[in-house]
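The values are calculated or read from the model by the stated rules, or taken from the named source; none is laboratory data. Being a predicted model, the structure only gives us computed values, none of them experimental. Note that we place each Cβ from the backbone using ideal geometry, even for glycine, and neighbour counts take in every protein chain shown. Keep in mind that these areas ignore ligands, DNA and RNA; they rest on the heavy atoms of the full protein, side chains included. Shrake-Rupley method; radii C 1.70, N 1.55, O 1.52, S 1.80 Å.
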Amino acid sequence: KDIFMMVKDVIKLFEQRFPVKNAEDWDNVGLLVGDRKSEVKKIQVSLDATEKAIDHAVENEVDMIITHHPMIFKGIKNIDYSTVLGRKIIKLIRNGITLYAMHTNLDATKGGLNDFVVELLGATGTAVLDENIEEAGTGIGRVYTLDKSITVKEYADLVKNTFEIPRVRIISENIEKNIRKIAVVNGSGMSYWRKVKSLGADLFITGDIGYHE
């Protein structure tokens, strides 16, 4: 006999671990498309609900897609198959696929992506950069101090080796400068640079830096 759960049961498990209340106010997390009473036997995890990801889910008879980035951020005035977003929504509904997003609540919650990133980097004694008042130990970003100084270049090499990436972008007057206090925001974190500066961090690591920033 097939084993399945209902969408609402899967959501309950996720939200016990990564509560929606821990998401930023501007974010749009949770159930985006679907029926809470639908059956779930197969789940697909994708960074984004791209057309390719949705087509893959259809071809593989997936019942539920979990994404990090929400497919829907703003209000929708129409669902038109000739538009990319409209086409994606219609494909999901036609194929009975539920779409659920965990974004800044996954980043911010204790044991979430921010903590996972700094743990991989071997950081200890971390503190939350921008604390969420909803839950202790929760918020965007983490800050920590190294046991001893290291140069910007040396730490950049550590980041590359840790995450197995060929290159990183360094914005610094002097890559041989010694650093100790480090702030990390996974994802696009440049809106927090003033907070990082006020805390006296020597180095700020984030996933995306725009041209004007």
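Annotations
- Of the chymotrypsin sites (Phe, Trp or Tyr not before Pro) in the range 139-195, not one is in a loop by DSSP (not H, G, I, E or B) with at most 10 other beta carbons within 10 Å.
- Result for the chain in a Gaussian network model with C-alpha springs under 10 Å: among Leu13, Leu32, Leu203, the largest mean-square fluctuation is at Leu13.
- Whole-Hz Karplus values for the range 152-162 come out as 4, 4, 5, 6, 4, 5, 4, 4, 4, 5, 5 Hz, taken residue by residue from phi with 6.51 cos²θ - 1.76 cosθ + 1.60 and θ = phi - 60°; glycine and proline positions read x.
- The accessible-area ordering, largest first, of the residues Thr162, Thr50 stands as Thr50, Thr162, per a 1.4 angstrom probe.
- Placing +1 on the Cβ of every Lys and Arg and -1 on the Cβ of every Asp and Glu, with nothing else charged, gives the chain a dipole about its Cα centre of roughly 180 debye.
- Net dipole in debye of the range 95-182 [+1 Lys, Arg Cβ; -1 Asp, Glu Cβ; about Cα centre; nearest 20]: 340
- Cα→Cβ-extended label distance, 7 Å offset, between Asp55 and Lys177, nm: 4.6
- Across the chain, C-alpha contacts under 8 Å between residues 6 or more apart give a mean separation that, scaled by the residue count, equals a relative contact order of 17 percent.
- Only helices enter the 222 nm calculation for the chain: every DSSP H run of n ≥ 4 contributes -39,500 (n - 2.57), and dividing by all residues gives -8000 deg cm²/dmol, rounded to 500.
- The chain: angle of helix 7-17 to the longest principal axis, Cα-based, in degrees nearest 10: 20
- Over all other residues within a Cβ to Cβ distance under 13 Å of Tyr192, the charged ones net out to -2, with Lys and Arg as +1 and Asp and Glu as -1.
- Taking every C-alpha pair closer than 8 Å and separated by at least 6 residues, the mean separation divided by the residue count of the range 21-66 gives a relative contact order of 40 percent.
- Structure-derived percent of Cα pairs over 22 Å apart - corresponding label in (i) 57; (ii) 53; (iii) 69: (i)
- Think of the chain as having a plus end and a minus end, set by charges on the Cβ of Lys, Arg, Asp and Glu; of Ile97, Ile66, Val118, Ile97 sits farthest toward the positive end of this dipole.
- Under 14 Å, Cβ to Cβ, from Ile165 - net charge with Lys/Arg +1 and Asp/Glu -1: 0
- Counting protein heavy atoms only, the chain has 51 percent of its accessible area on carbon and sulfur, 1.4 angstrom probe.
- Whole-number percent relative contact order across the range 132-213, with pairs defined as alpha carbons under 8 Å at least 6 apart: 31
- Under 23 Å from the Cα of Lys52 - lysines, other chains or at least 8 residues apart: Lys41, Lys42, Lys74, Lys88, Lys91
- Extension gain for Thr124-Lys74 works out to 14.2 nm (0.36 nm per residue, less the C-alpha to C-alpha distance).
- Within the same chain, aspartates and glutamates fewer than 8 places from Lys37 are excluded, and of the rest, those with a Cα less than 15 Å from its Cα are Asp9, Asp63.
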